[in-house]
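Working notes, beginning with the structure itself.
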Amino acid sequence: MSFLDLETQINGLDFENPVMLAAGILGTTGSSLKNVSNHGAGGLVTKTITKPPKKGHNGPVLLEANSSYLNAMGLPNPGASEFIEELKDLKDIKKPIIASVSGEKIEELKEVVSLLNDYVDGFEVNLSCPNVEGGIICKESSLVESYIIGARKETNKPIWAKLSPDIEEIDKKAKVAEKSGANAIVAINTVEGMEIDIKSGRPILSNKKGGISGEAINPIALKCVYDIYKAVEIPVIGVGGVYNWENAIKLIMAGSSAIQIGSGISKGLNIFEEVKKGIIEFLKKEGFNSIDEIKGISHRY
Ligand code: SIN
């Protein structure tokens with residue numbers, strides 16, 4: 001690595017920088033993914049794709065409060081076959097494209113992985129969606145094991161396991177994912193929550209409950225990445241509340257090899273360049289040559 005080059009290798013994939021787009025936002029069409037790429041993201045994770053198309057929940061599905069978001073989208077996506085057409089559009093993008101994938105049953109997940117395998121560089125298995133029945137698959141170690149083993153049967157490409165903060169012993173679930181064949185752990189998905197309208201007493205989201213994102217969840221992500229980093233040998237990719245370069249540096253210091261930005265893009269797509277620039281300036285100022293030199297540094301204390 002040359003001086004202050006942010007190039008990062010994860011599972012043999014070359015990321016020109018470690019600041020990626022997180023699953024769920026701007027990841028359903030080829031043109032929106034291209035747009036994020038043009039704004040400097042080092043890698044792109046798609047919206048979670050299922051086998052059948054999904055309409056998602058009826059509105060309201062999203063609300064903003066106290067600089068946080070609460071969403072219960074319900075995994076709206078065009079379905080795997082239709083999504084391939086969007087991915088074909090991305091052939092000229094020389095950055096890793098990771099498909100976020102899920103399935104109500106393992107067989108569905110396997111079909112999605114098999115269908116998308118020729119069009120992406122790797123898979124992020126969403127074991128942690130709080131907004132669909134049984135979506136927090138990673139609550140059960142046995143399901144973590146069977147979903148990752150199932151996905152592994154369909155691809156030789158990297159498989160990342162995305163975990164929820166709303167489970168017991170996230171470090172142990174990460175270890176199960178690693179033993180089952182996952183090549184990296186992504187932490188965290190949104191934090192379960194709800195909102196109530198005090199005039200009517202009615203839950204505001206049509207799904208009643210949803211997942212919280214936004215800068216407030218950064219400390220929760222830090223704690224999860226910190227615990228997982230100690231438990232596994234494979235890379236950890238930190239996501240949760242990255243609104244500025246400081247949030248990103250903290251995730252790296254907790255043990256992340258790369259970070260993802262989701263709700264932070266509400267600040268504008270320039271966030272990718274701002275976070276990269278901030279990381280470089282921080283490293284220079286503090287006398288470090290690469291992010292590897294600060295990765296997991298918090299574990300020394
Ligand atoms: C959703 O589509 O409901 C959000 C996806 C997720 O949190 O995994």
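None of the figures in this text is laboratory data; all of them are computed from the coordinates on show. Not measured: the values here are computed from a predicted model. Quick reminder, even Gly has a Cβ in these numbers, built from the backbone with ideal geometry, and neighbours come from all protein chains shown.
When the label point is put 7 Å from the Cα of Leu62 along its Cα-to-beta-carbon vector, which residues of segment 271-301 have a backbone N closer than 18 Å? What the label zone holds, given the 18 Å backbone N cut-off, is 271-272. Largest mean-square fluctuation among Ser290, Ser67, Ser180, in a Gaussian network model of the chain whose springs join Cα atoms under 10 Å apart, belongs to Ser67. Note on the chain: percent of Cα-Cα distances in each 20 Å bin, starting at 0 and stopping at the bin with the largest distance, equals 37, 59, 5. Simple spin-label estimate for Lys230 and Glu195 gives 3.5 nm between the two label positions (7 Å along the Cα-to-Cβ direction from each Cα). Sequence-ordered 3J(HN,Hα) estimates for segment 288-297 from the Karplus curve with 6.51, -1.76 and 1.60 and θ = phi - 60° stand at 9, 9, 7, 6, 4, 6, 10, 4, x, 4 Hz, glycine and proline given as x. Counting other Cβ atoms within 10 Å of each Cβ, which trypsin sites (Lys or Arg not before Pro) in segment 204-301 have at most 13 and sit in a DSSP loop? Loop-located and lightly packed - Lys208. Loop-located GluC sites (Glu not before Pro) across segment 257-301 with a Cβ neighbour count of 16 or fewer within 10 Å are lacking, with loop assigned by DSSP. About the centre of its Cα atoms, segment 144-301 shows a dipole size close to 200 debye [charges on the beta carbon of Lys, Arg (+1) and Asp, Glu (-1) only; nearest 20 debye]. Length gained on full extension, Ile93 to Asn156, computed as 0.36 nm times the residue gap minus the Cα-Cα distance: 20.6 nm. FRET efficiency for the pair Lys105 and Glu281, taken as 1/(1 + (r/R0)^6) with r the Cβ-Cβ distance and R0 = 35 Å, rounds to 0.15.
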